[in-house]
Amino acid sequence: MKNPFENFPCTMCGACCRKVGEVVVAAESNGVDLGYEFPINDDGSCAHSIAIIDAEGKTAVSCEIYQNRPEICRIGYSKPIEMTDNQYIRFTAMHCNLLQEEYEIEERFRVKL
């Protein structure tokens, strides 16, 4: 069966990678084991994020361990049972765009479904 989240249109803006430190702190303070020991930069971002040049010749963000990234970094990991896959994909896209606005990330990175 195909993973419905496999083709999520990630725009490689890096917003979620900037939040890793907050996620780790929140998980630890609530006794949640994320199953992975994240390397965190001084600014709270994930140390696995790397700057790349995208197909348009502009800077974007990628992950040096993307193929082997932990479950928490996969879009389907935290889907609530009561949401359909489509609802969760739309919810996640909206959240991506809100994070991008919070970090004042260029409009070209907005997730469009």
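The values are calculated or read from the model by the stated rules, or taken from the named source; none is laboratory data. Just so we're clear, the structure is a prediction, and the values are computed from it rather than from any experiment. In this analysis, Cβ positions are derived from the backbone assuming ideal geometry, glycine residues included, and neighbour counts consider all displayed protein chains. The area values use the complete protein model at the heavy-atom level, side chains included, leaving out ligands, DNA and RNA. Shrake-Rupley method; radii C 1.70, N 1.55, O 1.52, S 1.80 Å.
Within region 1-48, the trypsin sites (Lys or Arg not before Pro) that combine a DSSP coil assignment with at most 14 other C-beta atoms in a 10 angstrom radius are 2.
Projecting the Cα atoms of 98, 40, 75 onto the dipole axis of the chain, where Lys and Arg carry +1 and Asp and Glu carry -1 at the beta carbon, places 75 farthest toward the positive end. One decimal place: the segment residue 94-residue 40 gains 16.9 nm when fully extended, by the rule 0.36 nm per residue minus the C-alpha distance.
Sorted from greatest to least, the principal axis extents spanned by the alpha carbons of the chain come out as 42, 36, 27 Å.
Based on C-alpha pairs under 8 angstrom that are at least 6 apart in sequence, the chain has a relative contact order of 30 percent. What you get for the chain, charging only the Cβ of Lys and Arg (+1) and of Asp and Glu (-1), is a dipole of about 460 debye around the Cα centre. Sparse packing (at most 11 other Cβ atoms within 10 Å of the Cβ) combined with a DSSP loop state is found for the following trypsin sites (Lys or Arg not before Pro) in region 45-113: 58, 112. Within region 65-113, what whole-number % of the accessible surface is contributed by carbon and sulfur, with the 1.4 Å probe and all protein chains included in the calculation? Looking at region 65-113 in its full context, I get 53 percent from C and S. Looking only at chymotrypsin sites (Phe, Trp or Tyr not before Pro) in DSSP loops with at most 15 other Cβ atoms within 10 Å, what is the longest site-free stretch of the chain? Result, exposed sites excluded: 37-102.
Ranking 51, 27, 66 by how far each Cα lies toward the positive end of the dipole of the chain (charges on Cβ) leaves 66 at the top.
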